[in-house]
């Protein structure tokens with residue numbers, strides 16, 4: 001079933017896009033990540049122009065995070081004060097990221113930068129997750145009790161001024177810490193079309209030292225607003241948001257996410273984390289290969 | 001389409017009426033199967049039929065045995081484009097290194113002919129009429145050395161050929177009884193919108209004897225037109241609509257999943 005995408009200016013097989021969204025949604029439901037890190041590269045491989053892919057993938061992540069946020073709010077799993085500071089930083093980061101995006105686009109290096117940032121980010125986070133999950137599985141197998149991790153924030157965070165209380169996170173830290181963290185993730189959201197959950201969650205745990213119960217909900221809360229902002233920034237600057245493409249992706253991903261969430265409840269979280277780490281590393285490896293391989297097309301054309 | 005065939009059928013009659021012109025040159029009466037191509041949700045490209053008649057003065061076919069050839073060129077609106085060339089950086093990764101800007105490169109260019117163009121016209125004539133992918137006047141907006149310009153032009157043509165936007169189809173024009181001709185040109189879904197032209201050339205003995213042009217309008221219609229326009233002109237509202245859509249989808253799926 002072919003459908004014409006009015007902004008990407010080409011026709012695609014609607015079923016392929018819905019299934020692609022469904023597959024990513026399945027993973028995002030299983031692992032609790034937005035899945036933007038998979039959507040953008042897959043769309044590019046399918047032949048969608050990179051800018052349109054990054055701009056439209058953000059709205060898919062918005063859709064994926066909405067139902068998660070509602071569920072976590074009901075369970076009181078969102079620290080709204082912490083989330084508010086993260087979102088504020090994220091919105092500024094999104095606008096700043098939009099500026100970087102245009103700058104890189106003008107110099108013709110946007111695709112290379114996107115690929116390198118992906119490789120570095122996914123490579124390091126994937127290996128960290130893999131070691132952590134592997135260790136957890138080994139401990140589980142040998143029946144050894146996991147060492148209770150001391151919840152502490154990073155010394156750098158403690159050195160920031162104007163401390164305030166975050167009751168649900170159980171923290172007394174400076175608001176600049178979540179602001180800066182949100183800012184960085186906001187930039188990545190615009191550049192890569194990702195929600196940033198896979199960076200935000202470890203950062204909240206290990207840098208800020210938040211209570212585990214509110215980490216995922218608060219991360220989704222930030223993702224919801226910042227990806228919405230990313231869509232707005234792209235809509236007004238690059239004008240590359242393809243609403244038909246986004247709708248097809250959403251259709252698949254929201255359905256896939258629900259199925260994935262049900263499946264995840266039956267599998268041990270350690271195995272899920274290891275599986276996610278493997279997928280992340282595979283994507284990073286594929287992109288790294290693409291950077292070094294002689295490209296199919298040495299020349300590329302853009303309108304000026 | 002109907003009108004076109006009528007024109008072909010009526011051609012000999014019309015010619016008889018307009019005979020007083022003491023022209024010695026033949027005249028082309030071209031037409032296309034579709035004057036307007038509308039891009040809709042199911043658009044996967046179009047198949048254009050270009051056809052017409054060759055009217056010889058006095059209605060007599062030339063009696064020498066030199067072959068008559070027809071060339072049909074379909075061109076899309078010109079675009080100002082930037083072509084980038086990748087190079088391997090430090091033996092490690094491929095990055096965009098150099099670039100060349102073209103002020104007016106055709107967004108689409110398809111040439112169909114009754115035999116390879118190089119066998120009917122010399123290079124100079126081909127360049128004058130822009131016949132053939134190697135004879136395109138791309139007008140690079142720089143003073144780069146000729147060698148580099150050539151390299152970029154070849155790269156551009158190669159890239160566009162691969163995406164089906166530049167097409168060369170020798171032998172795709174059929175000539176019936178020396179007076180009727182027809183050719184099919186495929187328009188891919190990736191074409192930009194705008195005014196296209198279909199030019200027909202009559203070639204004999206290494207010379208272009210007659211030429212005629214028809215316009216084809218390609219535009220988005222209905223919902224696709226509405227979306228493209230909103231994205232361009234009402235970008236804030238369009239962005240809000242995209243966000244609202246994704247929130248609605250996500251929320252709706254959550255509600256449905258809880259009921260199940």
Point to revise | Separation between Cα centres of the range A:50-129 and the range A:240-304, rounded to whole Å | key: 14
Practice item. Please determine, in degrees from 0 to 90 and to the nearest 10, the orientation of helix B:222-233 with respect to the longest principal axis defined by the Cα atoms of chain B, where the helix direction is its Cα long axis. Key: 70
Review point. For the range A:17-153, what relative contact order do you get, as a whole percent, if you take Cα pairs closer than 8 Å and at least 6 residues apart?
Key: 12
Practice item. Quick one: work out the % antiparallel among DSSP beta bridges in the protein assembly as shown, nearest 5. Key: 90
Review point. Once a ≥ b ≥ c are taken as the square roots of the eigenvalues of the Cα gyration tensor of the range A:40-138, is the result rounded (a/c under 1.5), prolate (a/b larger than b/c) or oblate (a/b not larger than b/c)?
Key: oblate
Revision key, fill the gap. The simple spin-label model distance between residue A:137 and residue B:215, using points 7 Å out along Cα→Cβ, in nm, is 6.6
**Study point:** Percent RCO, i.e. relative contact order, over chain A, from Cα pairs under 8 Å lying at least 6 residues apart
**Key:** 39
Practice item. Considering Cα pairs under 8 angstrom that are at least six residues apart, work out the relative contact order of the range B:94-221 and quote it in whole percent. Key: 28
Exercise for review: Let me know the shape class of the range A:87-231, please: from the alpha-carbon gyration tensor, a ≥ b ≥ c as square roots of the eigenvalues, rounded when a/c is under 1.5, otherwise prolate if a/b is greater than b/c, or oblate.
Suggested key: oblate
Check your understanding: Label-point separation (nm) for residue B:47 and residue A:100, each offset 7 Å from Cα along Cα-to-Cβ?
Key -> 5.0
Review point. How long, wide and thick is the protein assembly as shown, going by the Cα atoms along their three principal axes, in whole angstroms, largest first?
Key: 102, 55, 45
Check your understanding: For the Cα atoms of chain B, what angle does the longest principal axis make with the long axis of helix B:146-162, in degrees from 0 to 90, nearest 10?
Key -> 80
Revision key, fill the gap. For the residue A:294, residue B:143 Cβ pair and Förster radius 22 Å, calculated FRET efficiency rounded to 0.05 is 0.15
Point to revise | Footprinting exposure proxy for B:41, A:172, A:4 (fewest neighbouring C-beta atoms within 10 Å first) | key: A:172, B:41, A:4
Review point. For A:240-248, what's the mean count of beta carbons from other chains sitting within 10 Å of each residue's beta carbon?
Key: 4
Check your understanding: Measuring from the lowest to the highest alpha carbon on each principal axis, how far does chain B reach, largest first, in angstroms?
Key -> 81, 53, 32
Practice item. State the extension gain, in nm to one decimal, for the chain segment bounded by residue B:115 and residue B:223, taking 0.36 nm per residue of separation less the distance between their alpha-carbons. Key: 34.7 nm
Review point. When the Kirkwood radius is taken over all Cα pairs of chain A, what Stokes-Einstein diffusion coefficient follows at 25 °C and 0.890 mPa s, in µm²/s?
Key: 124
Study note, to complete from the structure: Sorted on mean Cβ neighbours within 10 Å (highest first), peptides B:157-164, A:137-144 come out as B:157-164, A:137-144
Review point. Between residue A:176 and residue B:259, what FRET efficiency comes out of the Förster formula 1/(1 + (r/R0)^6) with R0 = 25 Å and r the beta carbon distance, rounded to 0.05?
Key: 0.05
Revision key, fill the gap. Expressed as a whole number, the average count of other chain Cβ atoms within 10 Å around the Cβ atoms of A:57-66 is 5
Review point. Using helices alone, what [θ] at 222 nm do you get for chain A, with -39,500 (n - 2.57) per DSSP H run of 4 or more residues, divided over all residues and rounded to the nearest 500?
Key: -24000 deg cm²/dmol
Exercise for review: Take peptide B:152-165, look around each residue's Cβ out to 10 angstrom, count Cβ atoms belonging to other protein chains, and average those counts.
Suggested key: 2
Point to revise | Angle between chain A longest axis and helix A:212-236 axis [Cα atoms, degrees, rounded to 10] | key: 30
Check your understanding: What is the packing order of peptides A:44-55, B:80-91, A:237-248, B:113-124, taking the mean over residues of other C-beta atoms within 10 Å and listing the highest first?
Key -> A:237-248, A:44-55, B:113-124, B:80-91
Check your understanding: Of the listed peptides B:186-194, A:267-275, what is their order by residue-averaged count of other C-beta atoms within 10 Å, with the highest listed first?
Key -> B:186-194, A:267-275
Point to revise | Choice from A:41, A:155, A:202 with maximal GNM fluctuation in chain A (Cα, 10 Å cutoff) | key: A:155
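No lab work stands behind these numbers, since they all come straight from the coordinates. Predicted, not measured: the structure shown is a model, and the values here were computed from it. Cβ atoms come from the backbone with ideal geometry, glycine included; neighbour counts cover every protein chain shown.
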